[in-house]
Amino acid sequence: MEKKRFFTPARVIFCILSAAVMAAIFYLSCENADKSSETSGFFTDFVLRHFVRGYAESTPERQAELHDLVSHIVRKCAHFSAYASLGFCTSCAVGRRRLFTAGSLISWGICILYACSDEFHQRFVAGRSCELRDVMIDSCGALTGLLVSLGAMAIVSRIFKKKD
């Protein structure tokens, strides 16, 4: 009987990717409010120019209102997608399994703890704040990434079973 290896090359790669995503989140969380607004402003302006009909012809007051709304949405989508990436990577690092297992809970728990520590860290960055709402968005993003990874692993597993 062949012994199953815990540290497979794929798991090691996904551990490294998880650390890289965490480092990117930490780096972006270190930006003060002005720099953070500048970073998200690029995406906000892109969305406004290409997806909001009549934005250029709107009054300055309406443009400011739309900018604030779209900026808020872009920032929350950034939270969600960053943590979806983290959830995907940590889930793949844990390896193949079913949804309701200790491995899935550990993977999601790591992401939630990192989200909490990230928000706490932001309390000490100029102009940034610590918000429970962001932890909730981050947690939902991580869960989404975890679910996507489980689906991807199931598909890959079926493909390799058909080849055997």
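Taking other Cβ within 10 Å of each residue's Cβ, how do Met136, Met153, Met22 sort, fewest first?
By the 10 Å Cβ count, ascending, the order reads Met136, Met153, Met22.
I'd like the orientation of helix 9-29 relative to the chain: the angle between its Cα long axis and the longest Cα principal axis, in ° from 0 to 90, rounded to 10.
Its long axis makes an angle of about 20 degrees.
Seen from all sides and averaged, what is the projected area of the convex hull of the Cα atoms in the range 20-110, in nm²?
Here the figure is 7.7 nm², rounded to one decimal.
Fewest Cβ neighbours within 10 Å first, please rank Glu61, Glu31 accordingly.
Ordered by Cβ neighbours within 10 Å, fewest first: Glu61, Glu31.
Once every Cα of the chain carries one equal point scatterer and solvent is ignored, give the base-10 log of I(q)/I(0) from the Debye formula at q = 0.12 Å⁻¹, two decimals.
For the chain, the Cα-only Debye profile gives -0.64.
Given the Cα-Cα distance of Val125 and Phe160 and 0.36 nm per residue of separation, how much length would full extension add, in nm?
Numbers: separation 35, 0.36 × 35 = 12.60 nm, distance 4.77 nm.
The Val125-Phe160 span can extend by a further 7.8 nm.
Please report how far the C-alpha centroid of the range 104-164 lies from that of the range 14-59, rounded to the nearest whole angstrom.
19
Compute the acute angle (0 to 90°) between the alpha-carbon long axis of helix 102-122 and the principal axis of greatest extent of the alpha-carbon atoms of the chain; round to the nearest 10°.
30
Rounded to two decimals, what ratio of Rg to Rh does the range 88-131 give with C-alpha atoms and a Kirkwood Rh?
With Rh from the inverse mean 1/r over Cα pairs, Rg/Rh is 1.18.
Kindly put Val94, Val125, Val156 in sequence by how many other C-beta atoms sit within 10 Å of each C-beta, fewest to most. List each step's numbers first, then the result.
Details: Val94 22, Val125 16, Val156 11.
Neighbour counts put them in this order, fewest first: Val156, Val125, Val94.
About the Cα centre, and with charges only on the beta carbon of Lys, Arg (+1) and Asp, Glu (-1), how big is the dipole of the chain? Nearest 20 debye, please.
1360
To the nearest 10 degrees, how steep is helix 132-163 against the longest Cα principal axis of the chain, on a 0 to 90 scale?
40
Among the chymotrypsin sites (Phe, Trp or Tyr not before Pro) in the range 58-164, which ones are in a DSSP loop with at most 14 other Cβ atoms within 10 Å of the Cβ? Mind listing them? Each step should come with its number before you reach the end.
Details: sites: Phe80, Tyr83, Phe88, Phe100, Trp108, Tyr114, Phe120, Phe124, Phe160; in loops: Phe100, Phe124.
Answer by residue number: Phe100, Phe124.
Please provide three numbers in whole Å: the alpha-carbon extents of the range 12-71 along the principal axes, with the largest listed first.
The Cα atoms of the range 12-71 stretch 52, 23, 13 Å along the principal axes, largest first.
Given the DSSP H assignment, sum -39500 (n - 2.57) over each helix run of at least 4 residues in the chain and divide by its residue total; what's the result at 222 nm in deg cm²/dmol, nearest 500?
That calculation yields -27500 deg cm²/dmol at 222 nm.
So for the chain, averaging the separation of alpha carbon pairs under 8 Å that are six or more residues apart and normalising by length, what relative contact order in percent results?
Relative contact order for the chain comes out at 30 percent.
Coordinate-derived values only; no laboratory data. Predicted model only: the values in this text are computed from it and were never measured. Reconstructed Cβ throughout: ideal geometry from the backbone, glycine too, with neighbour counts over all protein chains shown.
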